[in-house]
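Written below as structure tokens is the structure these notes are about.
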Amino acid sequence: RQLIRDLRAAIGTPQLALHYQALYAADGRTLNGYEALLRWRHPTRGPIAPVDFIPLAEDSGLIAPLGRWVLDTACAAAAGWPAPLTVAVNLSAAQFSEGDLVEVVQQALAASGLAATRLEVEITESLLLGHTDEVTGTLRALDALGVKIAMDDFGTGYSSLSYLWRFPFHKVKIDRAFTLHLADDAKVRLIVKSIVSLARSLGLRVNAEGVETEAQMRLLQEHGCDELQGFLLARPVPLESLAHPVAADA
Ligand code: G
Ligand code: G
Ligand code: MN
Ligand code: NA
């Protein structure tokens, strides 16, 4: 398809860029780091959302070079931020099937000089479904390097509880569907309370996604979430637009 050819040609050009969305501590002020989010501005079609082109990349084998570019670019960006700010990168299932993901991550870290502990990878529950064996070894190897592993979109997938037990997660990201209904649905508040309590007892940190209102932020703080992310606090922006705190001597 033409779009696949266009995507292949776009890798490494300004058409493809990472935007960065700030992740804040529960106080809503202390910056923890950023999530890198891929953006494609097609020369004639304009912006195309990741949900529309990532599947194309996965089916066409382009996800390997694209995923490598994302990791290289995100690590290089984060190496320019003051420590201990982190960068979170989303991974897709096809990247685990390539078999060389650990090497790709190591190369991105080595080339950028970023400490492994400042890189976080985000994977979804659905990614783990049916891929458990090949993913287990890879996640253990990433964990051994010091890379942090977050479960993205938590609570919307399948069989999430056994995944928390079987894989070396450091963080769960509560899906924004929960945040959306937090203020008007007592059941949702109970679910969030249970997720936080479960994560706590397993030693995991809890991020809440999709924070759009002050009321949501307050409830998430009251429920003991460790990290907040959402348009209320920051939208994803290009690297040049980040206003993170500079090191004291800079
Ligand atoms: O930024 P936006 O809401 O459009 O992202 C939509 C989806 O695309 C999210 O689920 C996000 O995880 C995914 N996504 C964004 N950037 C990347 C990326 O670099 N790699 C992969 N595999 N998924 C991404
Ligand atoms: O699936 P994942 O969590 O990686 O998706 C991240 C996506 O969520 C990004 O595309 C980002 O643009 C989007 N996002 C981040 N914060 C908010 C928010 O407060 N509201 C909504 N609707 N989307 C958000
Ligand atoms: Mn994510
Ligand atoms: Na998510």
Residue within region 158-175 that is free of Cβ contacts under 8 Å to residues at least 24 places away in the same chain and buried (at least 16 other Cβ atoms within 10 Å of the Cβ) present: no
Filter result (surrounded by fewer than 22 Cβ atoms within 10 Å (Cβ to Cβ), in a helix (DSSP H, G or I) and within 15 Å of ligand 1 (Cβ to nearest atom)) within region 121-134: Glu125, Ser126
Region 224-242: number of residues that are surrounded by 21 or more Cβ atoms within 10 Å (Cβ to Cβ) and free of Cβ contacts under 8 Å to residues at least 60 places away in the same chain: 1
Counted residues, region 52-93 - those being at pLDDT 95 or above and within 25 Å of Tyr24 (Cα to Cα): 22
Among the candidates Ile191, Ile195, residue that is in contact (Cβ under 8 Å) with a residue 40 or more places away in the chain and either assigned to a loop (DSSP other than H, G, I, E, B) or among the β-branched types (Val, Ile, Thr) (or both): Ile195
Test for Gly157: is it more than 27 Å from Ser241 (Cβ to Cβ) and within 16 Å of ligand 4 (Cβ to nearest atom): yes
Lone qualifier among Lys193, Lys171 - being of a type in the set (D, E, K, R) and away from ligand 1 (no atom under 16 Å from the Cβ): Lys193
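The values are calculated or read from the model by the stated rules, or taken from the named source; none is laboratory data. None of these values were measured; they are calculated from a predicted model. For neighbour counting, all protein chains shown are included, and Cβ atoms are generated from backbone atoms with ideal geometry for every residue, glycine included.
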